[in-house]
Amino acid sequence: MSSAEHILSYAQTLRGGGVERALLRLAGEWIALGRRVTLVIGSKEGPLARELPGGADVLLLDSPAYRALLSLPRHVRATRPDVIFCPGSHYTGVAAWTRWRLGAATPPIVGKVSNALARPDHGAVTGLAHALWLRQHPRFLDRVVAMTPASAAETAAAMRLTPSSVPIIPNPPARPIAGAPQLNLPPRYVLGVGRLAPQKRWDQLVSAIAAMRERVPLVILGEGEGRDALMAQARALGVDLILPGHVADPLPAMAGAALLALTSDFEGSPGVLREALSMGAPVVSTDSSPAVAEIIADPAWGAVVPREDPAALVAALDHWMVAPRPAPVTPPGSDSAARYLALFDSLMPA
């Protein structure tokens with residue numbers, strides 16, 4: 001069996017995001033393992049630019065618009081990769097377009113499920129359309145990868161695949177970034193990490209901070225359209241809200257936090273929970289994904305609370321502000337890059 005010597009992947013921007021951060025880590029490890037990697041990037045602007053791996057061939061599209069990635073078939077023709085890696089659910093439309101444009105000339109495409117498949121924000125019509133879209137994925141993806149067993153089971157059901165055909169490969173663990181700017185944070189704070197977007201429901205966390213027994217600052221690392229509304233809500237409730245924007249390396253902020261909170265309505269396999277646990281920070285999360293209970297597998301590590309249960313969220317935050325901190329939890333995924341390469345190689349012709 002031949003090996004996939006040349007891997008092509010793509011991303012819209014480097015402005016921050018778990019999918020893009022994981023892609024850059026995988027790309028760096030694939031290069032270290034002797035493979036060639038081409039990255040098609042819409043725009044290189046953003047804090048993740050410092051994480052671009054040395055040795056990668058980077059093709060810039062000079063546009064952060066999603067539609068710019070529809071030029072991917074042209075770059076596939078020009079670079080002739082052995083395999084295409086679709087790094088997350090946000091990007092499967094580009095994979096489908098590439099398969100349609102190139103037909104039988106398309107190299108194998110491996111896609112990773114990164115977002116929630118059950119979307120509580122969808123109405124009946126949108127939910128049906130989303131379900132139909134998920135069922136099409138096996139038509140243009142040669143393999144679909146999930147990051148946890150529960151996510152794999154959900155993926156198999158949604159895409160009508162056999163469970164054994166969905167490989168389970170976690171993201172590679174985050175590592176400290178040398179030279180990343182350090183934040184000047186309060187001595188004690190609750191931390192959130194993620195886009196300032198409706199999905200994350202940071203408004204629930206701001207309200208919960210206002211109701212806690214101990215008033216502490218809330219720090220949220222991320223950027224998005226919800227910044228002004230969150231600041232207004234915090235002022236009205238008297239919450240000390242600190243929004244530094246995207247940061248190159250969130251691990252030091254996690255290490256210094258009293259706890260990390262994730263209050264999303266829906267998630268895929270939230271890597272921020274694993275990252276916080278790896279730094280010895282307890283975590284409180286809504287039941288926003290089947291993967292959450294798998295990640296917070298020990299009650300000594302944190303708590304999972306129901307969505308839309310403000311009292312349970314406040315109670316969990318109050319508890320973990322005074323409960324003993326867990327010992328750092330070693331995240332899985334140290335061999336994920338090699339496992340992806342084995343999967344890619346299995347798709348090569350004999």
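The values are calculated or read from the model by the stated rules, or taken from the named source; none is laboratory data. Predicted model only: the values in this text are computed from it and were never measured. Using ideal geometry, Cβ is built from the backbone for each residue, glycine included, and neighbour counts are taken over all protein chains shown. Surface accessibility is based on the protein's heavy atoms, side chains included, excluding ligands, DNA and RNA. Shrake-Rupley method; radii C 1.70, N 1.55, O 1.52, S 1.80 Å.
Are any of the residues in segment 212-234 in contact with a helix residue (DSSP H, G or I) (Cβ under 6 Å, 6 or more places away or on another chain), farther than 22 Å from P87 by Cα and among the polar types (S, T, N, Q)? Scanning segment 212-234, I find at least one residue that is in contact with a helix residue (DSSP H, G or I) (Cβ under 6 Å, 6 or more places away or on another chain), farther than 22 Å from P87 by Cα and among the polar types (S, T, N, Q), so the answer is yes. One residue alone among S334, S269 is part of a loop (DSSP other than H, G, I, E, B), farther than 20 Å from R201 by Cβ and touching a residue at least 60 places away in the same chain (Cβ under 8 Å), and that residue is S334.
The conditions of being in a loop (DSSP other than H, G, I, E, B) and surrounded by 19 or more Cβ atoms within 10 Å (Cβ to Cβ) are not met by P53.
This table checks each residue for (1) open to solvent by 30 Å² or more (accessible area, probe 1.4 Å); (2) touching a Cys at 6+ places or on another chain (Cβ under 7 Å).
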| residue | (1), (2) |
| --- | --- |
| L69 | no, no |
| A78 | yes, no |
| I84 | no, no |
| T92 | no, yes |
| R101 | yes, no |
| L117 | no, no |
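Here P163 passes the criteria (1) open to solvent by 70 Å² or more (accessible area, probe 1.4 Å); (2) in contact with a helix residue (DSSP H, G or I) (Cβ under 8 Å, 6 or more places away or on another chain); (3) in contact (Cβ under 8 Å) with a residue 12 or more places away in the chain except the one numbered (3). Selection within segment 196-214: residues that are of a type in the set (D, E, K, R) and not in a loop (DSSP other than H, G, I, E, B). The member of this set that is surrounded by the fewest Cβ atoms within 10 Å (Cβ to Cβ) is D203.
If the condition is being within 24 Å of the chain's Cα centre (by Cα) and part of a loop (DSSP other than H, G, I, E, B), then segment 73-93 contributes P87, G88.
Each row is one residue, and each column tells you yes or no for (1) outside any strand (DSSP E or B); (2) small (G, A, S).
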site	(1), (2)
Q12	no, no
E20	yes, no
G42	no, yes
S63	yes, yes
S71	yes, yes
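For segment 215-247, the candidate set comprises residues that are in contact (Cβ under 8 Å) with a residue 40 or more places away in the chain and closer than 27 Å to L14 by Cβ; within that set, the residue that is surrounded by the most Cβ atoms within 10 Å (Cβ to Cβ) is G222.
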